[in-house]
Amino acid sequence: MAVADIPSGLLGTSGWSGKIFSSGWNSGSGGDYGAIEPATGQELGRVGLATPGDVAMASEAATRAQRDWAKTGYQERAAIIRKAGDLWKAHADEVHTWIMRETGAILPKGQLETWFAASACYDAASLTSLPYGELLQTRDPVLSMARRLPLGVAA
């Protein structure tokens with residue numbers, strides 16, 4: 001099967017081939033390299049190569065985006081994350097094909113990975129409406145509350 005034979009509903013290569021994602025698909029400062037199919041040695045496509053400078057710029061952009069995301073209402077955030085889960089399910093067969101070709105995995109491994117990815121999205125979507133904190137038991141007559149706040153971007 002050639003790259004052209006792989007369905008391109010979600011992963012068509014026209015916009016991202018040889019690129020990295022940083023506020024859109026862009027060429028990495030390190031150039032690009034071939035993703036090789038282990039079973040055949042054939043090149044499946046081109047992948048962008050990020051440098052430390054690219055990672056720093058992407059982290060800065062993600063930090064800016066995080067502020068806007070935090071201002072978005074929890075219903076909208078949940079809907080976006082659920083949509084990501086729906087996309088994993090809708091395009092699972094296509095993703096399975098890529099997982100098998102890129103890693104040499106068997107179909108059940110690909111199925112497990114897409115199931116897990118969709119489940120993680122649905123679980124994350126449910127977290128958006130949780131209270132801002134958790135009341136903790138204390139021996140003293142005070143209100144003790146723990147809050148988890150995002151610390152920022154990790155690469």
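The values are calculated or read from the model by the stated rules, or taken from the named source; none is laboratory data. Because the structure is a prediction, the values reported are computed rather than measured. A quick note on method: Cβ atoms are made from the backbone with ideal geometry, for glycine too, and the neighbour counts reach across all protein chains shown.
Please tell me if residue 82 is in the same structural domain as residue 102 (by TED's automatic domain parsing) and either among the basic types (Lys, Arg) or in a loop (DSSP other than H, G, I, E, B) (or both).
Yes: the conditions hold for residue 82.
Would you check which residues across segment 105-155 are in contact (Cβ under 8 Å) with a residue 60 or more places away in the chain and either in a helix (DSSP H, G or I) or surrounded by 12 or more Cβ atoms within 10 Å (Cβ to Cβ) (or both) and list them?
153
For segment 89-98, state whether one or more residues are basic (Lys, Arg), within 17 Å of the chain's Cα centre (by Cα) and in a helix (DSSP H, G or I).
Yes.
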